[in-house]
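The values are calculated or read from the model by the stated rules, or taken from the named source; none is laboratory data. Predicted model, so just to flag it, every value in this text is computed and none were measured. Backbone-built Cβ (ideal geometry, glycine too); neighbour counts: all protein chains shown.
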Amino acid sequence: MKPAYKTVLLKLSGEALMGEQEFGISSEVITSYANQIKEVTELGVELAVVIGGGNIFRGLSGSSQGIDRVTGDHMGMLATVINSLALQNAIEKIGVECRVQSAIEMPKIAEPFIKRKAQRHLSKGRVVIFGGGTGNPYFTTDTAAALRAIEINADVVMKATKVDGIYDKDPMKYSDAKKYMEVTYTEVLNKDLKVMDATAISLCRENKLPIIVFDSVTAGNIVKVICGEKLGTTVVEK
């Protein structure tokens, strides 16, 4: 198979790491992701990853429990670092070099985010995982994914989810939900389609960075999408 992209930012859901569990990290899921990531690197693709922290803690839900929003968001950022380290461990176990760079400095366990250093790692075939979100409260890991993708000059943001694309309404609740094969950034914002938050969508639109939303639960889909197979929904400006 031949890759359709040279540099890819893969956005993984923290919730997806739970698998069938109600909390934490499923060894089966994280091993599946690691194996798929290895296949991608073997194609010569430069791969960076941003992973959420919703399987451990979400800042927004914490604020509903009486936790200050800024404190909650910082807790959520730390959750993404935990997931990043777990994914790094799974990737390195199967022989792929990997680095974690954190937006919040914690030199004992991760490198600080430095654009040129990240690009250097990628050029050497290493996977780079960006943890700690943007390092600022009130921003989601979707925004972190869009921001890091732009900074490393990625060709595309691939958002791996539990569903097979973008729908006009929740396909888990409505049997008549319509799937979009392609949609514009403007349509996503105007129709309030639940793809990424508005800040992330706006960043991608301003920088003409395409987004592909696809099902990552099915093993092999990450490689298929990177090789140009038409899975999921593509967000572009027509």
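Tabulated data for the structure shown
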{"item": "Residue count for region 30-51, restricted to those that are among the hydrophobic types (A, V, I, L, M, F, W, C), surrounded by 19 or more Cβ atoms within 10 Å (Cβ to Cβ) and out of contact with any strand residue (DSSP E or B) (no Cβ under 8 Å at 6 or more places or on another chain)", "result": "2"}
{"item": "Conditions (1) among the aliphatic types (A, V, I, L, M); (2) out of contact with any Lys or Arg (no Cβ under 7 Å at 6 or more places or on another chain); (3) touching a residue at least 40 places away in the same chain (Cβ under 8 Å); (4) buried (at least 17 other Cβ atoms within 10 Å of the Cβ): number failed by Ala219", "result": "(4)"}
{"item": "Unique residue being touching a helix residue (DSSP H, G or I) at 6+ places or on another chain (Cβ under 7 Å), under 30 Å from Glu20 (Cβ atoms), touching a residue at least 12 places away in the same chain (Cβ under 8 Å) and β-branched (Val, Ile, Thr) when the list is Val213, Val235, Val188, Val225", "result": "Val235"}
{"item": "Set Ile91, Ile67, Ile104, Ile30: member being free of Cβ contacts under 8 Å to residues at least 60 places away in the same chain, β-branched (Val, Ile, Thr) and under 27 Å from Ala4 (Cβ atoms)", "result": "Ile91"}
{"item": "Set Arg120, Arg116, Arg126: member being modelled with pLDDT of 95 or more, surrounded by fewer than 22 Cβ atoms within 10 Å (Cβ to Cβ) and closer than 20 Å to Tyr33 by Cα", "result": "Arg126"}
{"item": "Residue within region 80-97 that is touching a helix residue (DSSP H, G or I) at 6+ places or on another chain (Cβ under 6 Å) and not in a helix (DSSP H, G or I) present", "result": "yes"}
{"item": "Those residues of region 76-89 which are among the hydrophobic types (A, V, I, L, M, F, W, C), surrounded by fewer than 22 Cβ atoms within 10 Å (Cβ to Cβ) and more than 19 Å from Gln65 (Cβ to Cβ), in sequence order", "result": "Ile82, Leu85, Ala86"}
{"item": "Candidates Gly95, Gly54, filtered to the one that is within 30 Å of Gly228 (Cβ to Cβ), surrounded by fewer than 16 Cβ atoms within 10 Å (Cβ to Cβ) and not polar (S, T, N, Q)", "result": "Gly95"}
{"item": "Arg205 being within 15 Å of Val49 (Cβ to Cβ), within 18 Å of the chain's Cα centre (by Cα) and of a type outside the set (A, V, I, L, M)", "result": "no"}
